[in-house]
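Please read the structure below before turning to the comments.
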Amino acid sequence: MKASKKFSLLKTVSLFAFMLITAGCASAGRELIVSENSPIALALITANYDINWKDEEKTVASGTGKTLRRMMRVDPDWTVITKSEGIIDEIEQTIYNTLNGSPLISLAPKEDVLNSQAYNEAKTTPIRESREMVKPSGYRFVVSRDKDFRAKFANETGIQKTFYIALKLTKAMASGFGKNGKGLANVAMTMTIKDIQGKNLWNKTYEIRSLDRFKVTSGAYSEEELLALFPPMIKDICLDFLEDLEY
């Protein structure tokens, strides 16, 4: 019994120490981001290409019934598969506008990043991987682990911190039976800020789901209604991130 209690106590102390260390690292990273009034380079924003049903396999358009396909031809705004390429540029603009609207953080102008020699010579992900993702116009699928890029980029531009954002966009049923009823949108957004050595100053995933709903009939829905839900959700996540930086 005594050995068991001793083990439990050691486990508790170790867990507490781990929490203190991670909290300290997060606090130190936040201080470096906020206190150093210097621009941060947004190096890449990615999102999954297909906006699938959450926790389900990819939707196959050819599997839809004749009646549904006929209805979709009559109203082309209805679909069973949505591509995130139709919203990624607006998402990028939402991120820039929201973050640069705060005194806590300053994103370097997009053209300063994308036109740099270091950025255009940086390592990129293999083609087979990039086919599963989309990015805003002008960006390259740069590799976040590329230390040479950060060193060359800092030497060229003077910018010491790089920002990487990875989005997972999905949809889910909120109510109804099967794929008939009301749907909602989900966003998981991982925000990573690295220093010139590649150390994470910030690395956190934010998850949110839409309060608004869209009609779903036999798995089909208005693509316009679904896509319209994402930018306000991205803005809310950016505001949560800024609140974390502040406190």
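At-a-glance table
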quantity	calculated
Checking residue 112 against (1) part of a loop (DSSP other than H, G, I, E, B); (2) open to solvent by 60 Å² or more (accessible area, probe 1.4 Å), the condition it does not meet	(1)
Lone unmet requirement of (1) within 19 Å of residue 40 (Cα to Cα); (2) touching a helix residue (DSSP H, G or I) at 6+ places or on another chain (Cβ under 7 Å) for residue 145	(2)
Lone qualifier among 147, 135 - being touching a residue at least 24 places away in the same chain (Cβ under 8 Å), closer than 20 Å to residue 159 by Cα and of a type in the set (D, E, K, R)	147
Test: residue in segment 68-86 that is modelled with pLDDT of 90 or more, surrounded by fewer than 17 Cβ atoms within 10 Å (Cβ to Cβ) and among the acidic types (Asp, Glu)	yes
Residues (free of Cβ contacts under 8 Å to residues at least 40 places away in the same chain and either crowded, with 17+ Cβ neighbours inside 10 Å or not aliphatic (A, V, I, L, M) (or both)) located in segment 123-132	123, 124, 125, 126, 128, 129, 130
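The values are calculated or read from the model by the stated rules, or taken from the named source; none is laboratory data. Computed from a prediction, not measured in an experiment: that's the story for all the values here. Ideal geometry is used to build each Cβ from the backbone, glycine not excepted, and the neighbour counts take in all protein chains shown. For accessibility, only protein heavy atoms count, side chains too; no ligands or nucleic acids. Shrake-Rupley method; radii C 1.70, N 1.55, O 1.52, S 1.80 Å.
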